[in-house]
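As structure tokens, the structure follows; a few thoughts come after it.
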Amino acid sequence: MHAVWGGGHPRRVIEAEPTPSPDPSPQAVPAGAFRALDASYRALAAVVAPLEDEDSWQPTACTGWTVRDLLFHCLTDCQRGLVALHTPATGPADRDAVTYWSDWRPGTEGAADDRRLARVGAGMFPHFHHLRGLYLETAAATLNAAAATDPGLLVSTQGHTLTAGDLMRTLAVEATVHHFDLVAPLPQAPRASSPGLACVRATLDGLLGRPLPLDWSDEHYARAATGRLPLTDAEKRALGPDAVSFPLFG
């Protein structure tokens, strides 16, 4: 574990290096949901932990965001997960791991507000290592909470109700997609995790309504389906009527 100092006391944060995952009981979390979240958070931590202040000013694949802006956004997503895992809700669920993303389409007013919020929020950290440390410890806390949560528990997040297992999948998808964004200026950085990539593909196939009929890599699918890469004319022809659905979320 890395210790981050603040307020006179060392704080425990997620390790960047691959380590054994928390050992939840068989009843605690479904292997797929927690495994994807654990792997995607650890992979992203491996990118974040060695970053220094000069790295934090590099542009990312998210338009208008530097590394520090994107990291602040990832921090708020960890916080969202941590809060949701401690916010039981009454049913029925109105979202699952796929339909959760139906509210997050690019080009909306909410998306523009989110970009501005990240710029302002990241600017509140004059020293990058404070933001880096807060992200790492919050991600670790979110994993600890997820490992101890019944996957069938209904929780509330962003005005919707879904199971804790589905919440974990949304967090894994967010972390994995932003992993690609973050490493754009960092060619030597560790790659995204296989469980996280599988979770992204399953989510995108669910939004598309069928398995992707093209031989795309996981990374290309994730970037094209979230608006990071424009579809080529050949891809539009191959997708047929489904092309108008792209991007599936942003």
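The values are calculated or read from the model by the stated rules, or taken from the named source; none is laboratory data. In this text, all values refer to a predicted model and were calculated from it rather than measured experimentally. Counting neighbours? That spans all protein chains shown, and the Cβs are built from the backbone with ideal geometry, glycine included. In case anyone asks, the SASA skips ligands and DNA or RNA and just uses the protein heavy atoms, side chains included. Shrake-Rupley method; radii C 1.70, N 1.55, O 1.52, S 1.80 Å.
Subtracting the Cα-Cα distance of Leu214 and Asp114 from their residue separation scaled by 0.36 nm leaves 32.8 nm. All C-alpha pair distances within region 40-92, sorted into 10 Å bins from zero, spread as 21, 43, 22, 11, 3 percent across the bins. Among the protein heavy atoms of region 138-250, carbon and sulfur supply 54% of the accessible surface, probe 1.4 Å, non-protein parts ignored. Working note: Karplus 6.51/-1.76/1.60 with θ = phi - 60° gives region 152-166 the couplings x, 4, 7, 10, 10, 8, 6, x, 10, 10, 8, 6, 4, x, 5 Hz, where Gly and Pro are set to x.
How do the peptides 154-166, 128-140 rank, highest first, by the average count of neighbouring beta carbon atoms within 10 Å per residue?
128-140, 154-166
Counting only protein heavy atoms and a 1.4 Å probe, region 125-175 has 31 square angstrom of accessible area per residue. Dipole of region 127-250 computed with +1 at Lys/Arg Cβ and -1 at Asp/Glu Cβ about the Cα centre; of Met168, Val155, Leu134, farthest Cα towards the positive end is Leu134. Highest mean packing first, where packing is the average number of other Cβ atoms within 10 Å per residue, the peptides 189-200, 170-181, 46-57 line up as 170-181, 189-200, 46-57. Distant-in-sequence amide contacts of Thr161, defined by a placed amide H-H separation under 5 Å and a gap of 5 or more residues or a different chain, comprise Asp94, Arg95. Our summary of shape: the Cα atoms of region 26-169 have principal axis extents of 45, 34, 22 Å, ordered from largest down, in whole angstrom. Between the amide H of Cys62 and any residue lying 5 or more places away or on another chain, no distance stays under 5 Å, with hydrogens modeled in the peptide plane.
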